[in-house]
1. Mind listing whichever residues of region 1-37 are under 20 Å from the mean Cα position of the chain (by Cα), more than 16 Å from Arg86 (Cα to Cα) and among the hydrophobic types (A, V, I, L, M, F, W, C)?
2. If you go through region 84-106 one residue at a time, how many are within 10 Å of the chain's Cα centre (by Cα) and more than 23 Å from Lys151 (Cα to Cα)?
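Since every read-out is calculated from the coordinates, none of them should be taken as a lab result. None of these values were measured; they are calculated from a predicted model.
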Amino acid sequence: MYSYISGTVVEKNPAFVVIDNQGIGYLINITLNTFTAIGEKEKVKLFVHLAIREDAHVMYGFYTEQERSLFLQLITVSGVGCNTARLILSSMTVKEAVDAIATSNIKMIQSVKGIGAKTAQRIVVDLHDKVGKMTEAAADENSPVGYNTLKEEALSALMVLGFNKLSIEKALDKLLKQMTNPSVEDLIKEALRLL
């Protein structure tokens with residue numbers, strides 16, 4: 001229903017913000033990352049999601065479209081509601097969360113308060129492929145998240161070929177600093193020359 005709301009910040013704390021837009025005050029639940037990004041700004045634009053429940057209409061706001069997109073992916077997972085997704089995005093940055101899901105780092109996801117082993121595994125299983133698409137889109141925009149996904153894909157491919165993980169990581173880090181917009185294939189080819 002709503003894509004974003006922009007206006008003047010009337011009230012703000014780590015849990016929510018009130019934005020005045022043409023005389024209407026919107027109470028929007030936010031993540032800690034969004035709270036930090038808003039900082040001392042008087043005017044903001046938040047990408048929003050309106051959750052309609054039996055007993056309430058609750059709006060969630062995000063400073064970036066990537067954060068909202070990940071939030072929407074998280075709430076599709078069985079056992080992950082809006083508040084749990086918000087907690088995940090308050091405990092780690094979008095980049096950290098995407099990396100944790102893309103690399104199946106269940107321990108990192110489990111480190112979020114209230115996330116058990118089964119929920120963490122479900123998040124990884126359900127979102128692994130979807131997050132890969134998010135990071136490919138980010139790679140097109142030269143985002144650091146994309147580079148990490150490139151690195152992880154190249155890393156797993158080279159590990160399957162039998163190379164040592166530490167050696168691969170060193171080679172990939174070196175190549176990512178040297179190469180401009182490499183594809184996974186380019187990265188693997190160049191890494192094979194170094195290993």
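1. Those that are under 20 Å from the mean Cα position of the chain (by Cα), more than 16 Å from Arg86 (Cα to Cα) and among the hydrophobic types (A, V, I, L, M, F, W, C): none in region 1-37.
2. 1
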